[in-house]
1. Express in nm, to one decimal, how much length is gained between LEU8 and THR187 on full extension, taking 0.36 nm for each residue of separation and deducting their alpha carbon distance.
2. Report the extension gain between ARG179 and GLU69 in nm, rounded to one decimal, defined as 0.36 nm multiplied by the number of residues separating them, less their alpha carbon distance.
3. Whose amide H sits under 5 Å from the amide H of ARG37, counting only residues 5 or more places off or on another chain, with H placed in the peptide plane?
4. Beta carbons within 10 angstrom, averaged per residue: use that to sort the peptides 125-133, 46-54, highest first.
5. Once the convex hull of the alpha carbons of the stretch 1-93 is built, what does its volume come to per residue, in cubic angstrom?
6. Check which residues have an amide H placed less than 5 Å from PHE18's amide H, if you skip close sequence neighbours.
7. From Cα pairs below 8 angstrom and at least 6 apart in sequence, can you work out the relative contact order of the chain, rounded to a whole percent?
8. What order do you get for 29-41, 66-78 when each peptide is scored by the mean count of other beta carbon atoms within 10 Å, highest first?
Amino acid sequence: MRPLTSDLLLRAYAMGIFPMARSRHDPRLYWIDPDQRGILPLDEFHVPRSLRKTLKRDTFEVRCDTAFEEVMHGCAEPTADRPDTWINDEIVRLFVELHRLGLAHSVETWAGGRLVGGLYGLGLGAAFFGESMFSRATDASKAALVHLVARLIRGGYQLLDTQFVTEHLTRFGAVEIPREDYLCRLTRALDTPAVFYRGEVDWEESLRQSSTQMS
């Protein structure tokens, strides 16, 4: 079987499908095309009150794209609640290559000089495909998600694809939409330019601006 290339991977995402492995140690990849697709509407993003308090205390230092591969390995590592993951070595290889091309990005939370949480995903046009997140400290991955959304809004993104909806994501406003609706949104987003914003950002101001612009 030929190894998957980054070019083929990009074409797959543009068609609305994405790869997953059945387990961390399974070398094979499977194409996923769910009937119901999870998205996080950027103009309706909700930050829980307790998390707002954490963010305002500046508990974490937030960085972008400074430890991409380390974030991927953090997402792939087993936890008590998740003994295995779908991120195998092939997915790591492909996304590291996409990161080097400037298409895949990480948002990282640091504390005391140590990486304690983060997430990664792929940006195409004004669509961002959120892949996975991890946390080694309370609220570390949630803080990364808030800062991701703030940067997507700042950069002109229209669509944040979460693939599936979990109980964790519903607290932020994630919803499921039919495949046909998703593909229409994806087509519009792919035809719109956007920039992944890496600089300092006021997450509260970004969320307020998004809500105002969309109202």
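Values in this text are rule-based calculations from the coordinates and carry no lab data. Quick caveat: nothing in here was measured; it's all calculated off a predicted structure. In this analysis, Cβ positions are derived from the backbone assuming ideal geometry, glycine residues included, and neighbour counts consider all displayed protein chains.
1. This chain segment gains 62.7 nm when fully extended.
2. Residue separation times 0.36 nm, minus the Cα-Cα distance, leaves 36.5 nm.
3. Amide H to amide H, under 5 Å and 5 or more residues apart or across chains, ARG37 pairs with ILE177, ARG179.
4. Listed from highest to lowest mean packing, they are 125-133, 46-54.
5. Taking the convex hull of the Cα positions in the stretch 1-93, it is 173 Å³ per residue.
6. Counting only residues 5 or more places away or on other chains, the set is ILE32.
7. 27 percent
8. Averaged packing, sorted descending, gives the order 66-78, 29-41.
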